[in-house]
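To keep things clear, I will list the structure first and then write my remarks on it.
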Amino acid sequence: MKTTFQTLILSSLLAAGSAVFADELTLGDGWIRAMPPGQSNTAAYLVVHNSGDQVRYIEGVTTPLAQRAEVHRSVTEGDRVRMEAVPRAEVPAGGELTMAPGGMHLMLMGLTGTLTEGDTSPVCLAFDGGDELCGNLPIVRGAPDVGHHHHHGSH
Ligand SMILES: [Cu+2]
């Protein structure tokens, strides 16, 4: 798949009477970390912008690249870094949620194929209220805007 990065609003208005917020949510700066063959997990990063006046929550993550995906954050305890799932990641009203190496990320578990650098893959976020936002994220080895480098094991 060779497409440039774009965001697609796939669905809204699933429940009668629910407000439409999808156009207030946008994705940017997304990428998926390329991994050597044989690795079962990787991480993806992006920024979710919320121009609305209500806090929104990410309640699900899907991608054809992995059997399972969820929002994680890295927690530093002493000199150790571990990860924990964030079941409802908050995107503040009039603000953004930034996922970046060393912090919050999308954990892609049970990779279904090889991650080829230069390819892209859809990653979809499901929000409270039924909105779903998808981005076609490039697969790269490191953050596209290099400059600093964190090392966190599998991240
Ligand atoms: Cu993780």
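The values are calculated or read from the model by the stated rules, or taken from the named source; none is laboratory data. Since we're looking at a predicted model, the values are computed, not measured. Cβ sites come from the backbone with ideal geometry, for glycine too, and all protein chains shown count toward neighbours.
Is it fair to say ALA44 is in contact with a strand residue (DSSP E or B) (Cβ under 6 Å, 6 or more places away or on another chain), at pLDDT 95 or above and within 17 Å of ARG141 (Cβ to Cβ)? Answer is yes for this residue.
The number of residues in the stretch 44-94 being of a type in the set (Phe, Trp, Tyr) and within 16 Å of the ligand (Cβ to nearest atom) comes to 1.
Let's see how each residue does on (1) more than 22 Å from ASP29 (Cα to Cα); (2) aromatic (Phe, Trp, Tyr); (3) without any contact (Cβ under 8 Å) to a residue 12 or more places away in the chain:
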| site | (1), (2), (3) |
| --- | --- |
| VAL61 | no, no, no |
| ALA69 | no, no, no |
| THR76 | yes, no, yes |
| VAL81 | yes, no, no |
| GLY94 | no, no, no |
| LEU106 | no, no, no |
| GLU117 | no, no, no |
| THR120 | no, no, no |
| GLY130 | yes, no, no |
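Only a single item in (1) within 15 Å of the ligand (Cβ to nearest atom); (2) in a strand (DSSP E or B) is not met by MET35, and it is number (2).
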